[in-house]
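Have a look at the structure below, then the notes.
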Amino acid sequence: MSSILILNGPNLNLLGTREPAVYGLTTLDDVRALCEDTGRQLGLKVDFRQSNHEGVLIDWIHDAGAAHRAGTLLGVVFNAGAYTHTSVALHDAIKGAGVPLVELHISNVHAREPFRHHSYLSPAAVGIVAGFGIDGYVLAMQGLARRASGA
Ligand code: DQA
């Protein structure tokens, strides 16, 4: 069975208690359960991870590139948190790995502070989902699956 990697960056481990007016009351474990359920519906294995460390995220993207080339990984859904707005290294990792990746944000970053309007990830992503709350994870997974099926 082919798989999807769901990556979560800094502070997303705090979901549920972190700024609930912006991010809601759902925890990261709830998001994992939602993604696993979506994976079952799509017939895809789900690998769900979170790290607060940029280098760890970069290593995981490199590994994802190798898995994609090997034909075992469809692509990546990536909520990079604040690294979205700061990390040239993550941009380079996505480009270098050559893995299809959807940039995801729970909130509508464009309706928030100006420093959230720029993304280093967007030019390296195959698509972007923002502002749909945690349902965005489902939409991003469906988008990757449809893209891979040629739909
Ligand atoms: C976020 C938006 C980012 O600007 C922020 O730094 C996050 C979460 C989102 O999911 O809406 O940590 O990526």
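If amide H atoms are built 1.01 Å from N in the plane of the peptide, which residues on other chains or at least 5 residues away come under 5 Å of the amide H of PHE48?
Residues meeting the criterion, in which the H sits 1.01 Å from N, are ILE6.
I'd like the carbon and sulfur percentage of the solvent accessible area for region 1-117, probe radius 1.4 Å, heavy atoms only, ligands and nucleic acids excluded.
53
Residues with beta-carbon under 11 Å from that of ASP47, excluding ASP47: net charge, scoring Lys, Arg +1 and Asp, Glu -1?
+1
Measure out, as a whole number of angstrom, how far apart the alpha-carbon centroids of region 89-112 and region 27-55 sit.
The two parts, judged by their Cα centres, are 16 Å apart.
Taking the Cα centre of the chain as origin, work out the dipole magnitude from +1 charges on Lys and Arg Cβ and -1 charges on Asp and Glu Cβ, in debye rounded to 20. List each step's numbers first, then the result.
Numbers: 11 positive and 13 negative charges, 69 e Å.
Using only the charged Cβ atoms, the result is roughly 340 debye.
Largest first, please: the extent of the C-alpha atoms of the chain along each principal axis, to the nearest Å.
Principal extents (largest minus smallest coordinate, Cα): 39, 32, 27 Å.
With every protein chain left in place, what is the accessible area per residue of the chain in square angstrom, probe 1.4 Å?
48
Gaussian network model of the chain, Cα springs within a sub-10 Å range: biggest mean-square fluctuation belongs to which of GLY131, GLY16, GLY71?
Greatest mean-square fluctuation among the candidates belongs to GLY71.
The values are calculated or read from the model by the stated rules, or taken from the named source; none is laboratory data. Predicted, not measured: the structure shown is a model, and the values here were computed from it. All Cβ positions, even for glycine, are placed from backbone atoms using ideal geometry, and neighbour counts span all protein chains on display. Surface accessibility is based on the protein's heavy atoms, side chains included, excluding ligands, DNA and RNA. Shrake-Rupley method; radii C 1.70, N 1.55, O 1.52, S 1.80 Å.
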